[in-house]
Amino acid sequence: MRLHEYQSKDIFAQHQIPIPRGRLASTPEEAKLIAEELNGPVVLKAQVLVGGRGKAGGVRLVNTPKEAEEEASKILGSRIKDIPVRRLLVEEGVNIQQEIYLGMTVDRECGETLMIASAEGGVEIEEVARVSPEKIARVGINPLLGLRDFQIRNLATEIEIPRTLWRLFTAVCHNLYESYQELDSTLAEINPLVITTDNRIIALDGKILIDDNALFRHPDLMDKRDISAEVPEEIEARKFGLAYIKLDGNIGCLVNGAGLAMASMDIIKYKGGHPANFLDIGGGASAEKVASALRIILSDPQVKTVLVNIFGGITRCDEVANGIKQTMEELNPEIPFVIRLVGTNDIEGRQILAEANLITAESLQEAAEKAVSLAKEVA
Amino acid sequence: MSILINGSTRLLVQGITGQEGLFHTRQMLNCGTNIVAGVTPGRGGEWVLDGKIPVFDSVRTGADVTGANTSVIFVPARFAGDAILEAADAGIKLIVCITEGIPVNDMLTVKQVIRDKDVCLIGPNSPGLITPGSAKVGIIPGSITEKGNVGVVSRSGTLTYEVLYALKQAGIGTSTCVGIGGDPVIGTNFSEILSYFEGDSQTDVVVMIGEIGGREEEKAAAFISEHMTKPVIGFIAGQAAPPNKRMGHAGAIIEGGVGTAKAKIEALQQAGVQVAHYPEEIPGYIK
């Protein structure tokens with residue numbers, strides 16, 4: 001789950017990380033009012049959960065409350081990468097001496113939490129890593145010891161933070177680590193963290209990702225989730241405990257297991273077709289769950305054929321077949337279904353489908369070939 | 001022989017009285033596994049499966065009484081990190097965690113603690129292991145495997161079954177199949193399992209099934225070119241997957257350009273691994 005900049009900054013502020021003065025506005029009048037309060041140049045920042053916001057015109061610097069109102073009326077209600085802008089963060093302008101990067105994430109390879117810093121702030125860290133990896137400093141944190149002062153000094157030395165600012169920088173690092181741990185984050189980024197002309201350190205931006213698997217420990221965060229940037233089908237699927245991701249092809253896929261679901265998409269592509277989605281119904285799915293999965297697949301108007309690939313273990317093929325039959329009777333879809341069932345109760349499953357007059361396949365390869373040629377015929 | 005599990009495996013099931021735990025305990029027994037104990041805190045003293053298996057309150061007592069040397073974990077995600085630590089603390093040498101959905105920061109702590117112990121953790125989010133004909137620890141269906149000389153190692157569940165099934169259809173058997181787990185932070189990685197297969201006299205060929213996310217397949221490729229004498233056949237799932245989307249498994253995500261199927265396939269091919277286009281092509285590469 002990704003938090004907005006304003007939500008991330010609220011969390012930073014609660015953990016004593018300095019942020020610019022400012023507030024959230026949802027109308028141009030509010031933006032004007034906040035600009036008046038701040039009494040100086042302000043920055044308007046669209047609160048949308050997509051990357052490349054600045055380039056898309058979602059960040060503006062203005063000098064007067066009147067300008068703030070005018071610009072806010074342009075940004076509010078506009079769309080950034082097709083996501084409507086409903087809120088703006090209105091913040092005081094800050095005089096920047098230097099922009100740095102400070103972030104934390106999970107290092108999958110070493111199995112530890114990393115704190116990462118770079119003297120090149122304000123640009124994507126992946127870009128810095130690609131172009132000038134020597135400019136990135138990192139320390140691994142032992143969860144039993146926590147982040148140690150000497151590690152922060154090592155980071156500060158490596159990215160050449162003036163010694164006079166070490167005390168402030170150390171505090172920011174400790175506070176970031178504390179908030180990261182407390183929220184079960186998998187990413188916390190301050191980019192840029194700025195040194196102002198009057199030698200303060202301020203978090204000018206903020207991005208936090210929370211581990212979905214740890215949300216049970218944070219019931220208060222559940223209602224912070226903003227779904228406006230998510231695909232409606234994906235939200236619907238989550239309600240039924242399905243992992244669904246929309247793609248741009250025309251062959252709908254229903255599979256049990258994430259790895260097999262990916263492999264089924266891959267073989268469609270290899271055989272010259274285009275998958276319309278990733279969909280994992282999980283283990284032991286009921287007929288009802290299968291039916292709701294099919295409803296989501298069929299709600300995509302691009303879908304011209306549906307491929308069902310089930311390798312029954314905990315999942316029972318007869319249960320899946322019943323779900324398919326139920327959907328057929330209920331929606332009477334006009335597009336062809338190619339179905340391959342192997343494993344637990346597959347004979348019973350195939351029997352149910354034989355009655356429903358659907359196209360079946362013995363192997364995944366055969367199923368993919370049939371689905372690809374049917375999708376071409378229909379299109 | 002085989003790797004990690006065999007006829008001398010003495011298995012303890014953590015979460016044995018739960019619905020999943022009980023169902024799979026029965027399946028594991030059917031595959032000939034020597035299951036000596038179960039653990040559910042608060043249910044010590046009971047017996048399950050018609051009095052065949054005693055239940056204990058803790059792994060320590062269960063292991064002390066029965067001499068269990070391997071544990072399999074079926075407890076819910078919020079308690080699973082603790083269950084791994086409990087097994088390690090009780091001196092269990094091989095811990096297999098089936099549970100999906102453990103918070104990644106919990107796993108980082110677990111990894112730190114077990115790092116200095118003489119313990120092998122498989123998973124979490126793993127289907128477990130099977131050595132056809134002698135033992136099964138986890139949930140891989142026994143009916144789709146048969147004894148043979150091909151070692152299988154994979155990050156996923158049903159995709160692994162697909163491969164085992166394709167092998168069996170072609171008359172090819174398995175020495176041991178290991179599901180290392182689909183999470184971003186797991187106990188044992190590809191390279192370690194590959195080294196076990198390299199040293200196993202029963203294994204002549206290895207099939208490695210990777211997927212998008214992380215760089216473990218690339219590391220395995222480096223290991224293969226430096227240390228493996230046995231042929232390795234590869235498959236990477238997620239060639240049609242878009243970036244920055246989590247494909248079902250917590251670990252299956254392309255982030256910052258890292259973890260693409262293309263990079264993994266290229267690395268494996270450079271290490272001399274034949275990479276199949278789809279699972280059913282794999283048996284054709286094994287002579």
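The values are calculated or read from the model by the stated rules, or taken from the named source; none is laboratory data. Model, not experiment: these values are computed from the prediction. Note that we place each Cβ from the backbone using ideal geometry, even for glycine, and neighbour counts take in every protein chain shown.
Listed values, structure above:
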quantity: Condition check for A:ASN345: surrounded by 21 or more Cβ atoms within 10 Å (Cβ to Cβ) and of a type in the set (S, T, N, Q); calculated: no
quantity: Selection count where residues are touching a helix residue (DSSP H, G or I) at 6+ places or on another chain (Cβ under 8 Å), within 20 Å of A:ILE80 (Cβ to Cβ) and not β-branched (Val, Ile, Thr), scope region A:225-248; calculated: 1
quantity: Tally, over region B:50-59, of residues that are crowded, with 17+ Cβ neighbours inside 10 Å and more than 22 Å from the chain's Cα centre (by Cα); calculated: 4
quantity: Which listed residue is of a type in the set (Lys, Arg) and closer than 25 Å to B:VAL185 by Cα, from B:LYS287, B:LYS264; calculated: B:LYS264
quantity: Any chance A:ALA371 is modelled with pLDDT of 95 or more, surrounded by 22 or more Cβ atoms within 10 Å (Cβ to Cβ) and touching a Gly at 6+ places or on another chain (Cβ under 7 Å); calculated: yes
quantity: Residue within region B:60-72 that is buried (at least 22 other Cβ atoms within 10 Å of the Cβ), at pLDDT 95 or above, of a type in the set (Asp, Glu) and farther than 30 Å from B:GLY199 by Cβ present; calculated: no
quantity: Residue count, region A:224-252 (criterion: facing chain B (nearest Cβ under 7 Å) and within 14 Å of the chain's Cα centre (by Cα)); calculated: 2
quantity: Pairs with Cβ under 7 Å, 6+ apart, first in region A:66-81 and acidic (Asp, Glu), second surrounded by 14 or more Cβ atoms within 10 Å (Cβ to Cβ); calculated: A:GLU69/A:PRO28; A:GLU69/A:ALA31; A:GLU69/A:LYS32; A:GLU71/A:LEU44; A:GLU71/A:ARG60; A:GLU71/A:VAL62
quantity: Strands (runs of 3 or more DSSP E) lying entirely in region B:1-93 (those with 3 or more residues that are under 22 Å from B:ASP106 (Cα atoms)); calculated: B:70-73
quantity: Matching residues in region B:183-197 - criterion: being more than 9 Å from every other protein chain (Cβ to nearest Cβ), out of contact with any His (no Cβ under 9 Å at 6 or more places or on another chain) and of a type in the set (A, V, I, L, M); calculated: B:ILE193
quantity: Residue check for B:GLY284: part of a helix (DSSP H, G or I) and surrounded by fewer than 17 Cβ atoms within 10 Å (Cβ to Cβ); calculated: yes
quantity: Matching entry among B:ASP118, B:ASP200 (being more than 8 Å from chain A (Cβ to nearest Cβ), surrounded by fewer than 24 Cβ atoms within 10 Å (Cβ to Cβ), modelled with pLDDT of 95 or more and in a loop (DSSP other than H, G, I, E, B)); calculated: B:ASP200
quantity: In region B:163-182, residue farthest from B:PRO103 (Cα to Cα) [restricted to those that are in contact with an Asp or Glu (Cβ under 8 Å, 6 or more places away or on another chain) and within 13 Å of chain A (Cβ to nearest Cβ)]; calculated: B:LYS168
quantity: Those residues of region B:218-248 which are more than 7 Å from chain A (Cβ to nearest Cβ) and either closer than 27 Å to A:LEU242 by Cα or of a type in the set (S, T, N, Q) (or both), in sequence order; calculated: B:SER225, B:THR229, B:PHE235, B:ILE236, B:PRO243, B:ASN244, B:ARG246
quantity: Which listed residue is in contact (Cβ under 8 Å) with a residue 12 or more places away in the chain and touching a strand residue (DSSP E or B) at 6+ places or on another chain (Cβ under 6 Å), from A:ALA156, A:ALA117; calculated: A:ALA117
quantity: Output for region A:119-140, where each listed residue is farther than 25 Å from B:ASP106 by Cα and either β-branched (Val, Ile, Thr) or within 12 Å of chain B (Cβ to nearest Cβ) (or both); calculated: A:VAL123, A:GLU124, A:ILE125, A:GLU126, A:GLU127, A:VAL128, A:ALA129, A:ARG130, A:VAL131, A:ILE136
quantity: Condition check for A:VAL255: among the β-branched types (Val, Ile, Thr) and more than 11 Å from every other protein chain (Cβ to nearest Cβ); calculated: no
quantity: Residue within region A:300-322 that is within 14 Å of chain B (Cβ to nearest Cβ), among the aliphatic types (A, V, I, L, M) and surrounded by fewer than 24 Cβ atoms within 10 Å (Cβ to Cβ) present; calculated: yes
quantity: Selected residue (criterion: nearest to the chain's Cα centre (by Cα)) from residues of region A:186-223 that are of a type in the set (Ser, Thr, Tyr) and assigned to a strand (DSSP E or B); calculated: A:THR186
quantity: Candidates B:ASP106, B:ASP82 - the one that is over 18 Å from the mean Cα position of the chain (by Cα) and more than 10 Å from every other protein chain (Cβ to nearest Cβ); calculated: B:ASP82
quantity: Residue check, A:LYS269 surrounded by fewer than 22 Cβ atoms within 10 Å (Cβ to Cβ), modelled with pLDDT under 95 and within 12 Å of chain B (Cβ to nearest Cβ); calculated: no
quantity: Condition broken by B:ALA263, with the remaining ones in (1) of a type outside the set (S, T, N, Q); (2) within 13 Å of chain A (Cβ to nearest Cβ); (3) in a helix (DSSP H, G or I) satisfied; calculated: (2)
quantity: Of all residues making up region A:262-281, the number that are touching a residue at least 40 places away in the same chain (Cβ under 8 Å), under 23 Å from the mean Cα position of the chain (by Cα) and not in a strand (DSSP E or B); calculated: 1
quantity: Among the candidates A:LYS32, A:LYS45, A:LYS9, residue that is crowded, with 20+ Cβ neighbours inside 10 Å and closer than 30 Å to A:PHE216 by Cβ; calculated: A:LYS9
quantity: Some residue of region B:82-104 being of a type in the set (Val, Ile, Thr), more than 27 Å from A:ARG217 (Cα to Cα) and buried (at least 18 other Cβ atoms within 10 Å of the Cβ); calculated: yes
quantity: Residue identified as under 17 Å from A:GLY121 (Cβ atoms) and touching a strand residue (DSSP E or B) at 6+ places or on another chain (Cβ under 9 Å) among A:ILE34, A:ILE100, A:ILE80; calculated: A:ILE100
quantity: Contacts under 7 angstrom Cβ, first residue in region A:338-355 being within 13 Å of chain B (Cβ to nearest Cβ) and charged (D, E, K, R), partner in a helix (DSSP H, G or I) and crowded, with 18+ Cβ neighbours inside 10 Å, 6 or more apart; calculated: A:ARG340/A:LEU364; A:ARG340/A:ALA367; A:ASP346/A:CYS317
quantity: Residues being in contact (Cβ under 8 Å) with a residue 60 or more places away in the chain and either farther than 17 Å from B:LYS52 by Cβ or not charged (D, E, K, R) (or both) - total across region B:9-19; calculated: 6
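This table checks each residue for (1) more than 14 Å from chain B (Cβ to nearest Cβ); (2) farther than 22 Å from B:GLY259 by Cβ; (3) under 20 Å from the mean Cα position of the chain (by Cα).
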residue	(1), (2), (3)
A:GLY52	no, no, yes
A:LYS55	yes, yes, yes
A:ARG60	yes, yes, no
A:THR64	yes, yes, no
A:GLU69	yes, yes, no
A:ILE96	yes, yes, no
A:ALA117	yes, yes, no
A:ASN142	no, yes, no
